[in-house]
Amino acid sequence: MAPEYAMEGRFSEKSDVYSFGVLMLEIAWKLWNEDNGMAFADQNIASPNVQSEIVRCIHIALLCVQEFPKDRPAVQTVLSMLSREIVDLPLPEQPVFAEKWDRSHVGSTQGTSQFGFSTNDLTITGFCAETDTITSSLSIKDPDFLVSRGNIFKLGFFTPENTTNRYLGIYYVVSEKTVIWVANRNRFLTESSGTVTISNDGNLVLINGRNETLWSTNATTTGTNTTAEIQDTGNLVLRENSTGNVIWDSFSHPTSSLMPTMSLIDDTNTGNKVTTSAWKNAADPGIGNFTTGLQAVNIPQIFTWNNGRPYWRSGPWNGQILIGVRDMYDTYLDGFRLVDNSGTFYFTVPLGRLLMRIDLNSSGSLVQSVWDDGWEITWTAPQNECDVYGTCGPFGVCNPLDSPICSCLRGFVPMDRDEWGSGNWSSGCTRRTDLHCDGENRDGFLRLRFMKVPDFAQQFSSRREDECRSRCLRNCSCLAYSHDPNSIGCMFWSETLIDIQQFDGVGADIHIRLAISELDTHKDKKLVIIIPAVVAFACVSIGFFIAWCWMAKKKGNRIKDQKTLESLQSDSSAIVLKDESEKVNMEELPLFTFKTLAGATNQFHDDNMLGRGGFGHVYKGKLENGEEIAVKRLSAASGQGMEEFTNEVIVISKVQHRNLVKLLGCCVEKEEKMLVYEYMPNKSLDVCLFDRTRPSDMVLDWKKRFSIVEGIGRGLLYLHRDSRLKIIHRDLKPSNVLLDGDWNPKISDFGMARIFGGNQDQGNTARVVGT
């Protein structure tokens, strides 16, 4: 992001030129200034015959990232320099963000940070090493700290409330008292004498003033050539420099917080687990009574245990949600993933737009919080007494809306009536009439709707619910069954039914096996005539009401979207010219139905996800005619993106160029807003440049890289000068450059773009966006 845009909100063509320069290289000013530009070129492409071209490209990129817009060349000039129409290049000045510090230097960070909050009154103070890495020659000593590259997390020392003990931990830059990981949780420092360093065997260690080791990563290393890095995810990784392999990371050894991209793990082959564990109390981060982890035996579930005993249970994972968590039935509350890797199961938290954590507190509650100018609690578990495991005992059902909350399942009576009457339901219930199990007509099933299914389910894959019923009826030990239409199929219970809860409007159907006499079929037959009549009347009334609400809501949405467009038109930063926006009609674009796009993406399955961002998710799809597409789906859960959606349609519908991504159509249906683009098989430029998981044959040689640079330049030149509109992209970066099958670059993501009119060269905005 250009400095004048980031600091003052001013943007122009030169803002895009700056981003173009950053995109061409990762700047290393000291190396260039020492005539050693090749030192930071990718050695896979730095063959002798192209070295002069690479250095020239770096030279041009340095000119593009000059601090002041007047010192940067226009895109047309950049292309002339690249093609050698302009041979002699001026010498660049030092870029504004070039390295101005020595890695051994330590500078004060007390006072007001770049986020605008004061750190003087916090208990965590010290100096920043201006790096995110500890090496064999660089360590940190209390009260110094490291900061992740994106200025999101710190690794440093802290003191909990009501104590003077010191600990090494990871905490947020915006909320330094929120600690997500503790190293020496069971061996505290009694004074500010701690030092974190790389030991002789290559491990990361914490030592006190007497040179005693209080904590170590205890990883198997091959020598001292290791580095430790604090990442923007909050993960602390120890890496071997020779191979680049991660040999230890804090996400594999969590404390009380479950973080985005972190996984709870259950290895069913060895019994090893990765779990979170609560603090003892607010003043002591030592291992407390409660742990949370994945239990993958039978059907995977998440458990919280109290000293090893179940305390809370999520219900089974059905491939999309945990069916015992009420809040997960929200359509847009997605992103969690469970992967089975040959018996090792990984349950992973999604990466969202906001800072988020799920913390296990010392009382055993899971608390999910997001940062929005302060921590806001968005979910907890358990939420009530019914969420506590087995509150009503075996064959009891819990309903938090009833009083008392526990009752026996139909056909069952309390095991101990005196205990039951006193409010102690732990002994549960017992069957009133034994099952016969000697014919089709001797036993039947009672259907219970909107339930949290019991624990200890056995799975049988079947898409047909009637098959679940017949299999249960043929098995004398089968007590109940349920059917999940997603990935589970049939669930059976054969020993006990425990931890059952009645939900309100969501949940699974459970079919409880009872003797025929318990089903009271004669009374049920009387209701056959009454119930349909009442239901029919209710349905007609509800239908009229829903139709009225739908029409009112649709009218409201049109007004809301019109207001959004009007706000775009009135922005002093020339977000969209009114005369241009009025020419855009969604109906003029090819329209896709939601059903078509859902089918093309296999119901927006995670396997088809190409990427995600603040706007929403992007999925690969295939239409019925075989055409491959990319579907950009606005996330209704984020509350963001309507302006970006409208803006992108307005901008991209008016430009066409071989180096700009092509918009094929859109979908605006009910609450859904989606854009459909041509599919780029080689994904984005950042994947090709920085993704270490890509095979070696995907490495771009210099010829391809130079062609990509020129293509991006031509696309920018078209936006700035050659189209009938002057468009400033404002968010040019490798992830927004897509590559087609022939490695031609396509500039994408015009949600932040701005249109200039007439002879306008510069705009201003108070809403700085982009990267």
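To the nearest 0.05, what FRET efficiency results for Asn384 and Ser216 with a Förster distance of 56 Å applied to their C-beta separation? Mind dumping the intermediate values first?
Details: r = 42 Å, r/R0 = 0.76.
For R0 = 56 Å, the calculated efficiency reads 0.85.
With the alpha-carbon atoms as the only input, what is the per residue convex hull volume for the range 219-375 in Å³? Present the calculation step by step, with values, prior to reporting the outcome.
Numbers: hull volume 24.0 nm³, N = 157.
About 153 Å³ per residue, rounded to a whole number.
What FRET efficiency, computed as 1/(1 + (r/R0)^6) with R0 = 51 Å and r the Cβ-Cβ distance, is obtained for Thr190 and Thr496, rounded to the nearest 0.05?
For R0 = 51 Å, the calculated efficiency reads 0.50.
Could you run the Karplus curve 6.51 cos²θ - 1.76 cosθ + 1.60 with θ = phi - 60° over the range 535-548 and give me ³J(HN,Hα) per residue in whole Hz, x for Gly and Pro?
Whole-Hz 3J(HN,Hα) from phi for the range 535-548: 5, 4, 5, 5, 4, 5, 5, 5, x, 4, 5, 5, 4, 5.
Rg(Cα) of the range 398-460 divided by 2.2 N^0.38 Å?
1.35
Take the Cα atoms of the range 387-522, build their convex hull, and give its volume per residue in Å³.
With only Cα atoms used, the range 387-522 gives 116 Å³ per residue.
Among Arg417, Arg337, what is the fewest-to-most ranking by other Cβ atoms within 10 Å? Please report the intermediate quantities before stating the final value.
On the way: Arg417 9, Arg337 16.
Ascending Cβ contact count within 10 Å gives the list Arg417, Arg337.
Once R0 is set to 45 Å, what does the formula 1/(1 + (r/R0)^6) return for the Cβ-Cβ distance between Leu91 and Val246, expressed as a FRET efficiency to the nearest 0.05?
Values: r = 41 Å, r/R0 = 0.90.
Calculated value: 0.65.
Determine the alpha carbon to alpha carbon distance for each of Lys683/Lys704; Lys632/Lys726; Lys620/Lys683; Lys620/Lys726 and list only those over 19 Å.
Numbers: Lys683/Lys704 15 Å; Lys632/Lys726 25 Å; Lys620/Lys683 11 Å; Lys620/Lys726 31 Å.
Over 19 Å Cα-Cα: Lys632/Lys726; Lys620/Lys726.
Below 8 Å between Cα atoms, with a sequence gap of 6+, how large is the relative contact order for the range 387-522 in percent? Kindly include the intermediate steps, with their values, before the conclusion.
Values: 288 pairs, mean separation 42.6, N = 136.
So the answer I get is 31 percent.
With N residues in the range 447-493, what two-decimal value do you get for its Cα radius of gyration over 2.2 N^0.38 Å?
Computed over Cα atoms of the range 447-493, the ratio equals 1.04.
Less than 15 Å from a label point 7 Å out along the Cα-to-Cβ axis of Cys476: which backbone N atoms in the range 398-442 qualify, by residue?
434-440, 442
For the charge dipole of the range 387-522, defined by +1 on Lys and Arg C-beta atoms and -1 on Asp and Glu C-beta atoms about the Cα centroid, which residue among Val453, His511, Phe395 has the Cα displaced farthest towards the positive pole?
Result: His511, furthest along the dipole toward the positive end.
Could you please rank Met259, Met415, placing first whichever residue has the fewest other Cβ atoms within 10 Å of its Cβ?
On the way: Met259 24, Met415 18.
In increasing order of surrounding Cβ atoms, one gets Met415, Met259.
If we restrict to alpha carbons, what Rg and Dmax does the range 295-424 come to, in Å?
17.3, 53
By average Cβ neighbour count within 10 Å, what is the ranking of 492-503, 133-144 from highest down?
Packing proxy ranking, top to bottom: 492-503, 133-144.
Quick check: pseudo-label points 7 Å beyond the Cα along Cα→Cβ at Ile152 and Asn298, how many nm apart are they?
If labels sit at Ile152 and Asn298, their model points lie 3.7 nm apart.
Which of the residue pairs Lys673/Lys746; Lys177/Lys273; Lys622/Lys673 have a Cα-Cα distance greater than 25 Å in the structure shown? Spell out each step's value before the answer.
Details: Lys673/Lys746 23 Å; Lys177/Lys273 28 Å; Lys622/Lys673 19 Å.
Flagged as over cut-off: Lys177/Lys273.
So how do Asp249, Asp418, Asp686 line up by other beta-carbon neighbours within 10 Å, fewest first?
So the ranking, lowest neighbour count to highest, is Asp418, Asp686, Asp249.
Read-outs: derived from the displayed coordinates by stated rules, not from any lab. Not measured: the values here are computed from a predicted model. Neighbour counts are summed over all protein chains in view; Cβ atoms, including those assigned to glycine, are modelled from backbone coordinates with ideal geometry.
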